[in-house]
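Data first, discussion second: the structure below is written as structure tokens.
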Amino acid sequence: MLKRQYIPIVVTAALLAFMFAAGSFRYTGFFSLQVLLNLLIDNAFLLIVAVGMTFVIVSGGIDLSVGSVIALTTMISASLVQQQGWPPAVVIPLVLVLGAAFGWLMGAIIHYFKIQPFIVTLAGMFLARGLCYVISINTITIDHPFYTSMAQTKIKLPGGFFISISVVIALVVVAAAIYLAHYTRFGRNTYALGGSESSALLMGLPVARTKILVYTFSGLCSALAGVVFTFYMLSGYGLHAVGLELDAIAAVVIGGTLLTGGVGYILGTFFGVLIQGVIQTIISFEGTLSSWWTKIVIGLLLLLFIVLQRLLSARRQMQKA
Amino acid sequence: MEREREPILQMSNIHKGFPGVKALSGVSFRLFPGEIHALMGENGAGKSTLIKVLTGVYSIDQGTVELARQRMAIDSPQAAQMAGISTVYQEVNLCPNLTVAENIFIGREPRRFGRILWKEMNAAAEKLLLTRLQIRMDVKLPLSAYSVAIQQLVAIARALNISAKVLILDEPTSSLDRNEVKQLFEVMNKLKAEGLAILFVTHFLDQVYEVSDRITILRGGEFVGEYLAKELPRIELVSKMIGKELQQLDALPREKEAASAAESAKALVIEAKALGRKGAIEPFDLTIRKGEVVGLAGLLGSGRTELARLFFGADRPDQGALRVNGVKDGITSPREAIDQGIAFCPENRKTEGIIDELTVRENMILALQATRGWFRAIPRKRQDELADEYIKALNINPPNPEQLIKNLSGGNQQKVILGRWLLTQPKLLILDEPTRGIDVGAKAEIQKLVLKLSGEGMSVLFVSSELEEVLRVSDRIAVLRDHVVVKEIAEDEMSQQQLMQAMAGE
């Protein structure tokens, strides 16, 4: 018998398999491992951001600033590497620290001033996006050899398939996050916080530290996603990753994480990101459909999943009564 | 004394104030190892404040807390837990989304190099539950898969794992059924035998006498006394909680005139037969006739409000029948109750009654508007007339219908709410603690108003914890104890002594 808490994740995985199968039947050339790997290549940054977002949502919060932090990261990286001539070995650690610090600051404000995460991270979103334009209002193209080699290097797999370095980074992040979520105190405290903050406090758990760390982690993930995004786009621009926070939230929810917090799996988010990728791929194979169909399908899926979660929790209530 | 042992916990001369209120003044409390000690008191006695002091939620203004003869400063919930004081609350303070084992161990999970060892944790949880509490359960399921009673036992297991010396059980039995209570008591007795000191807070008198060795009574933030349970008769316990000595209890002048002989011939307005709701109130019979005032007496938590809520359709009964105006099962929601001519003034004026940001007039017309439906607005002119009429009739001060209600005193706010329901011209008016927290003058006015309304043919269900008040206005009194209607006292046998004996169960 399948444990009830795994139902959403299984549904997500089954949906992914179904969509991939449907695509394979309909379009020649769709059914190939490389198409699947391309999903990862094209969505590595989304995956990294969504992992950080999963922690935030599991803790009962939300982080709207992630897309803007990505843009700011690309902007700072491009400006320092291209215009100031700093070495990437300095720039990349620096932007990661800046992203984490940005998240830490938002977390601290959320906790100590008891302000809704929605508002604080909304402010963070505007702030980070605005700061991009302080650096430049134009695209800064990067032609530094390190960045171009990161963008172009293909890691060969047996059978002629390949992935990019970004995919490796994203998969390492996913694996590390699974460990973090299930085998460390920080991870378990995050779940406890999302289950009931007042209980967590009365159980003597470090609520303040956990909450702030969750946003710090999300900030770090955003900055890392920003670095990966820089590899992908080879430029810094203030309009990069507009609305990406919503894609990340959608991926997390489609992956079975409850928006009310306390319940969710990193693996679910992984499938959630891939589902978004499959939809995009199907639409590009179709050729004539507008890319906005991606949004329509994701919108419908979100609705479907939220209703599914509602039904599952309602059934749980019924069974207990 | 039966024992001359050292108390494990000694609180002396504790003072704690909040802006405008003195919650505790000079309270002492001690707890011995291997005893179950009940902390008793009515609303506002300071029980919850004392417990919050002990659990580190509040800091004290003055006084000392000693644990095993060591003076302690308990300044956070963590500090209390570290010191060995653990609390299990009525609403279980655990995380429903985590597994049972995690709920017991979180914060102290067995780890190696920072990695949580799930297998060891699950095994330890199973062993702890089995050996200390004698329950066998799947500790890998989320806590939410289990009933509240089991969740409480898990909370106790967590407390034991922190190596608690003092276990505080804050109203643990409120949402348990009889078997579950029995199971909890078995666990409590076992832990007591192992030498744990247990502080037990409850509103159920029967339960106090069933498990407690000692009782401490608080009243109005002050220490009344500490007694051995077997040496303190129930009636004395109640009189000490309420603050009335038995000798004082002679008949009060009644304002209500003797009921007419034709009373019983009057039409029934509401009739409950074996009506009950699990966890709220045991099945009871109660009738209210036209123009009759029925008082509901009982200690806090005895089920008064729960009963009133059934009559108003705010809660659904799960057994028995309720006839309103001769129609069976006529009420399934407050809307239907209003349509049937029932009005309900809730106990918590602040949260369930007034709407802060609206004016007196707007607050008053709410219920009447609701009965008409929101698309048939009451003409403004009519609203003004009604507001003026009831402001005058209820003597609301200041007599300005456009004043925001939050600027009125408690008594006047209460009158506005009364006015709100009187506007609907109800057949049955349910008043839940209508005079709590308002001054003496306003109290007397509200009591007079109740008598006047009943004289005009309105039926009233009057809920109050003040004995005098219930006696003064009621034609008949139903007494509740531990969620059971234990007695109905007719007009001719009413006295405070009668009432108190019924409340205490002697």
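We did not get these values from a lab; they are worked out from the coordinates using the rules stated. What you see is a predicted model; the values in this text were computed from it and never measured. Backbone-built Cβ (ideal geometry, glycine too); neighbour counts: all protein chains shown.
Which residues among region B:131-157 fall inside the zone where the amide N is under 16 Å from a point 7 Å beyond the Cα of B:ALA123, along Cα→Cβ? Under 16 Å, as judged by backbone N against the label point of B:ALA123, lie B:131, B:139-140 of region B:131-157. What is the magnitude of the charge dipole of chain B about its Cα centre, with +1 placed on the Cβ of each Lys and Arg, -1 on the Cβ of each Asp and Glu, and no other charges, expressed in debye to the nearest 20? So the magnitude is around 1320 debye. Take the Cα of B:ASP177, go 7 Å toward its beta carbon, and the backbone nitrogen atoms of region B:278-297 under 15 Å from that spot belong to B:278-283. Taking each residue as 0.36 nm, the span from B:ASP388 to B:GLU466 lengthens on full extension beyond its C-alpha to C-alpha distance by 24.9 nm. Average projection, convex hull of the Cα set of chain B: 27.1 square nanometres.
Spacing of the modelled spin labels on B:ARG69 and B:LYS140, each 7 Å from Cα toward Cβ, amounts to 4.9 nm. For chain B, complete DSSP H runs whose alpha carbons reach 15 Å or more along their own long axis and whose mean Kyte-Doolittle score is -0.5 or higher are B:118-133, B:148-161, B:360-372, B:410-422, B:440-455. Ordering B:GLY411, B:ALA370, B:LEU386 by Cα displacement along the dipole of region B:354-423 toward the positive end leaves B:ALA370 in first place; charges were set at the Cβ atoms of Lys, Arg (+1) and Asp, Glu (-1). The aspartates and glutamates whose alpha-carbon is closer than 17 Å to the alpha-carbon of B:LYS47, local same-chain residues fewer than 8 away aside, are B:ASP61, B:GLU91, B:ASP170, B:GLU171, B:GLU222, B:GLU226. Rounded to whole numbers, the Karplus 3J(HN,Hα) couplings from phi for region B:69-85 are 6, 9, 5, 10, 10, 9, 10, 7, x, 4, 4, 4, 5, 4, 6, x, 9 Hz, using 6.51 cos²θ - 1.76 cosθ + 1.60 with θ = phi - 60°, and x at Gly and Pro.
Counting other Cβ atoms within 10 Å as a rough exposure proxy, the listed residues B:LYS119, B:LYS290 run B:LYS119, B:LYS290 from fewest neighbours to most. Judged by the gyration tensor of its Cα atoms, with axes a ≥ b ≥ c, chain A is oblate; a/c meets the 1.5 cut and b/c is at least as large as a/b. Remark on A:PHE161: its backbone amide H falls under 5 Å from none of the residues 5 or more positions apart or on other chains, H modelled at 1.01 Å from N.
Summing charges over all other residues whose Cβ lies under 9 Å from the Cβ of B:ALA490, with Lys and Arg as +1 and Asp and Glu as -1, gives -4. Sorting A:45-58, B:358-371, A:123-136, A:251-264 by average packing, meaning the other beta carbons within 10 Å per residue, from highest down gives A:45-58, A:251-264, B:358-371, A:123-136. Put in order of Cβ neighbour count within 10 Å, fewest first, the listed residues A:VAL173, B:VAL327, B:VAL486 become B:VAL327, B:VAL486, A:VAL173.
Across peptide B:84-96, what mean number of C-beta atoms from other chains lies inside 10 Å of a residue's C-beta? Mean shielding by partner chains, rounded to a whole number: 3. Taking other C-beta atoms within 10 Å as the exposure proxy, A:TRP104, B:TRP421 rank A:TRP104, B:TRP421 from fewest upward.
Inter-chain neighbour count for B:98-106: the average number of beta-carbon atoms from partner chains within 10 Å of each residue's beta-carbon is 3.
Residue-wise HN-Hα couplings along region B:165-171, as the Karplus relation 6.51 cos²θ - 1.76 cosθ + 1.60 with θ = phi - 60° gives them from phi, are 9, 10, 10, 9, 10, 9, 6 Hz; Gly and Pro carry x. So if R0 is 51 Å, what FRET efficiency would A:PHE186 and A:THR139 give, r being the distance between their Cβ atoms, rounded to the nearest 0.05? Calculated transfer efficiency: 0.85. Exceedance of the 19 Å cut-off in Cα-Cα distance is limited, within the set B:LYS52/B:LYS406; B:LYS127/B:LYS190; B:LYS165/B:LYS190; B:LYS381/B:LYS448, to B:LYS52/B:LYS406; B:LYS381/B:LYS448.
A simple spin-label model places pseudo-atoms 7 Å from Cα toward Cβ; at A:ARG310 and B:ILE235 they are separated by 5.8 nm.
About the centre of its Cα atoms, region B:9-246 shows a dipole size close to 640 debye [charges on the beta carbon of Lys, Arg (+1) and Asp, Glu (-1) only; nearest 20 debye]. Taken residue by residue and averaged, Cβ atoms of other chains lying within 10 Å of the Cβ of A:194-202 number 6. Applying 1/(1 + (r/R0)^6) with r as the Cβ-Cβ distance of B:SER163 and A:LEU303 and R0 = 51 angstrom yields a FRET efficiency of 0.55.
Testing the spin-label approximation: label points 7 Å from Cα along Cα→Cβ at A:LEU259 and A:ILE119. State their distance in nm. Using points 7 Å along Cα→Cβ, the separation is 1.9 nm.
Take the Kirkwood radius over Cα pairs of region B:9-246, plug it into Stokes-Einstein at 10 °C and 1.306 mPa s, and you get 85 µm²/s for translational diffusion. If a/c stays under 1.5 just call it rounded; otherwise compare a/b with b/c (prolate if a/b is bigger, oblate if not). Do that for region A:19-121, with a ≥ b ≥ c from the square roots of the Cα gyration tensor eigenvalues. Note, shape of region A:19-121 comes out oblate. Across chain A, C-alpha contacts under 8 Å between residues 6 or more apart give a mean separation that, scaled by the residue count, equals a relative contact order of 34 percent.
Ignoring aspartates and glutamates fewer than eight residues from A:LYS154 along the same chain, the ones with Cα atoms less than 19 angstrom from its Cα are A:ASP42, A:ASP143. Cross-link reach is defined here as a Cα-Cα straight distance under 15 Å, omitting same-chain residues fewer than 8 places apart; for B:LYS278 the aspartates and glutamates meeting it are B:ASP177, B:GLU180, B:GLU306, B:ASP315, B:ASP318, B:ASP482. Among beta bridges from DSSP that stay inside the protein assembly as shown, the antiparallel ones total about 60%. Distant-in-sequence amide contacts of B:ILE168, defined by a placed amide H-H separation under 5 Å and a gap of 5 or more residues or a different chain, comprise B:SER86, B:THR87, B:VAL88, B:LEU199.
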